[in-house]
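Take a look at the structure set out below.
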Amino acid sequence: MTPRQPVNLTFAITDANTPPGVAAVSTTPSPDPTTGPATDEVPLPTLVQADAATLAQVAERAAGDLLAPPTRHRLADVVPAAQHVEPDPTGDWVLPAEAVIVASADPAALAVAEQLANLLRPATGYPLPVTDATTPEPADGIALVLDDTVDLGAEGYRLGITTNGVRVTASTAAGLFYGVQTLRQLLPAAIESPVPVTERWALPGGTITDAPRFPYRGAMLDVARHFFAVEDVLRVVDHLARYKLNHLHLHLTDDQGWRIAVDSWPKLTTLGGTTEVGGGPGGHYTKADYGRIVTYAADRHITVVPEIDLPGHTNAALVAYPELAPDKIAPPPYTGTEVGFSYVDPADERTYEFVADVLGEVATLTPGPWLHVGGDEAFKVNGEVYTGFVERVQRIVADLGKTVVGWHQLAPAAHLDGRVLQWWGTNGEDPTTAEAVRRGAQLIISPGNHAYLDMKYASDTPIGHDWAGLIDVRKAYDWDPGTHVTGVPSTAVIGVEAPLWTESVTSLADIELLLLPRLPAIAELGWSPRATHDWNGFRDRLAGHGPRWETAGITFHRTPEIPWPSTPAIPGQRRTTPTGVNPT
Ligand code: TNX
């Protein structure tokens, strides 16, 4: 890091000549104590119209601009931050029109090579043929090398850029895939264009060696409160893949709708799937639909984690099958947003047949190791009745050969080997969860007040909740999953997940508005070594993603916390509004 230059920061609400609410902010380097008074003062007078909090933010930014290392090398401009970056300015390279992508002669490596070609062809307009070789060499192109002697773990990769081209090396296809995501970010933002553009496709020389901090890096989409079409879910998968997330948790069932077809209990979807918050038509995934999501995600090295929420959050199931209700009477369909009122009857054996049937069918459809059984907010099932129910469900999951995941309310139930709790508290003091960890549970960390993507950014965010507080990008970024819950060692933390509940979310644009730019913040917490954690650096790296999303037609929240570039990636390109929506 370049030595920091001392600065004086002048920050004043100005006098009567200035319109109300306007302040002058100026920043100059202070005299260098070693060389005497500064001779090259850099005044940065700026007029801003803002409240005190924003002014403080502006001042901090102005100082940050002067204090920051003058030229951060583009090779380090990656989100999530890479483990180790070694720039070599003599190695800069420009992708030529006749470049070839050559991969190891292995179907998985060739699949990643095709994915890379598909990413680069639209904007470049280059043919970028894919070939294979026993020993792939860049030869003024791109080589993807599967090499099992490379010791970077199951997901690590090395990316080298020289005047001879690009080489990505990894011992797994997942590693190659992550190397490709990094490569994509190192190209100019115009690479996101769906149509050919004129651009110099330059890449910065040097080497990146990279591997994730945590094995579980996820996001959750609630498709129960509002139903989302398969295409929307696939687009969310794309966003996860871009930021090296590797788990998509689907909240498939809740009071307002049951979204996954179960052959042995067909009315779950034909009746229970026809409602959603606000009275819309709802919908559900057929087994083929779900299979499409699972396959599309797997192709991007993302594992689907299906959640069947039990014993609460089950009104839609009770509408379809009143025999599961404690009073055996069908409740009315529910389209509101309250929680905690419904539950399947823990005293009836039929309930456990239902659970075994449903989880059995979902397990068969799901190649990944996890089955999430919810367990949250079952306010009417308490004490030993609750833990007894959970213990039976945990056993059903284990008998299906799957690993049980549940919200941290499962903590008091007896330990079962391998079980994972998803912690969603808003206060890291949670002795019950810490005790479950001492008994062997592992944790996925999703703090409500940092990682919940359904929280508003600011009080004027048009959609979202605020029960866990407002979550701006800094709040989403500035915490550590490894140390967040008191008494839980980082070795018990398998990773981090950002849930998106959809009570107020009704469209893909809504999803993207809440996801971006906070998802990359959570992704960085899951991937990057703690030593790289730095808000100012993150904020500046993230800024470059605005033009990428804009070019790709992705909605995002243009939060004032991030110094978004003032020019678009492609001259004349339409800009997004402050709430990120592309104007029509
Ligand atoms: C709490 S977090 C819930 C959900 C709501 C969410 C809204 C959790 C396990 N349960 O049922 O949708 O708050 O933020």
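The values are calculated or read from the model by the stated rules, or taken from the named source; none is laboratory data. None of these values were measured; they are calculated from a predicted model. Because the Cβ atoms are built from the backbone with ideal geometry, glycine has one as well, and the counts that use them run over all protein chains shown. Note: areas computed on protein heavy atoms with side chains; ligands, DNA, RNA excluded. Shrake-Rupley method; radii C 1.70, N 1.55, O 1.52, S 1.80 Å.
Looking at the chain only, what percent of DSSP beta bridges run antiparallel? Nearest 5 please. All intermediate terms of the calculation are to be shown ahead of the outcome.
On the way: 31 of 77 bridges.
The antiparallel proportion sits near 40 percent.
Once label points are set 7 Å from the Cα along Cα→Cβ at both Arg575 and Asp140, what is their separation, rounded to one decimal in nm?
In this crude label model, Arg575 to Asp140 measures out at 4.0 nm.
Tabulate in residue order the Karplus-calculated ³J(HN,Hα) for the stretch 83-94, using 6.51 cos²θ - 1.76 cosθ + 1.60 with θ = phi - 60°, rounded to whole Hz; enter x for Gly and Pro.
Along the stretch 83-94, the couplings run 4, 9, 10, 10, x, 9, x, 7, x, 4, 9, 10 Hz.
Can you give me the Cα centroid spacing of the stretch 406-482 and the stretch 177-253 in angstrom?
After rounding, the separation between the Cα centres reads 23 Å.
Quickly work out the Asp132-to-Asp238 label distance, labels modelled 7 Å from Cα along the C-beta direction, and quote it in nm with one decimal.
Between Asp238 and Asp132, the label points sit 2.8 nm apart.
Please compute the contact order of the chain in relative form: average sequence separation of alpha-carbon pairs under 8 Å and at least six residues apart, divided by the residue count, as a percent. Each step should come with its number before you reach the end.
Details: 1283 pairs, mean separation 66.5, N = 584.
Relative contact order of the chain: 11 percent.
Regarding the stretch 72-210, what are the three Cα extents along the principal axes, ordered largest first, in Å?
The Cα atoms of the stretch 72-210 stretch 39, 34, 24 Å along their principal axes.
How many nm separate the modelled label positions at Arg439 and Asp147, each set 7 Å beyond the Cα in the direction of the Cβ?
Each label point is offset 7 Å from its Cα along the Cβ direction, giving 4.8 nm.
Using every pair of alpha-carbon atoms in the chain, split the distances into 20 Å bins beginning at 0 and state the percent of pairs per bin, rounded to integers.
Histogramming the chain at 20 Å steps yields 19, 50, 27, 4, 0 percent.
With a 1.4 Å probe and every protein chain left in place, work out the accessible area per residue of the stretch 72-210 in Å², rounded to a whole number. Intermediate results must be reported in sequence, preceding the final value.
Numbers: 5410 Å² over 139 residues.
Ligands and nucleic acids excluded, the result is 39 Å² per residue.
At a probe radius of 1.4 Å, what is the per-residue accessible area of Asp345, in Å² to the nearest 10?
Roll a 1.4 Å probe over it and Asp345 shows about 20 Å².
Near Arg530, within a Cβ-to-Cβ distance under 12 Å, what is the net charge of the other residues, with Lys and Arg +1 and Asp and Glu -1?
On the way: positive: Arg213; negative: Asp480, Glu524, Asp534.
Summing Lys/Arg as +1 and Asp/Glu as -1 gives -2.
First compute the accessible area of the chain with a 1.4 Å probe, then give the percent of it belonging to carbon and sulfur atoms.
Working: 12610 of 22630 Å².
Heavy-atom surface of the chain belonging to carbon and sulfur, 1.4 Å probe: 56 percent.
Let me have the 222 nm mean residue ellipticity of the chain computed from DSSP H runs of 4+ only, each contributing -39500 (n - 2.57), with the sum over all residues rounded to the nearest 500.
Values: 16 runs with 170 residues, N = 584.
Calculated at 222 nm, the ellipticity per residue is -8500 deg cm²/dmol.
For the stretch 368-518, what log10 I(q)/I(0) values come out of the Debye formula at q = 0.11 1/Å, with one point per alpha carbon and no solvent?
Here log10 of I(q) over I(0) equals -0.46.
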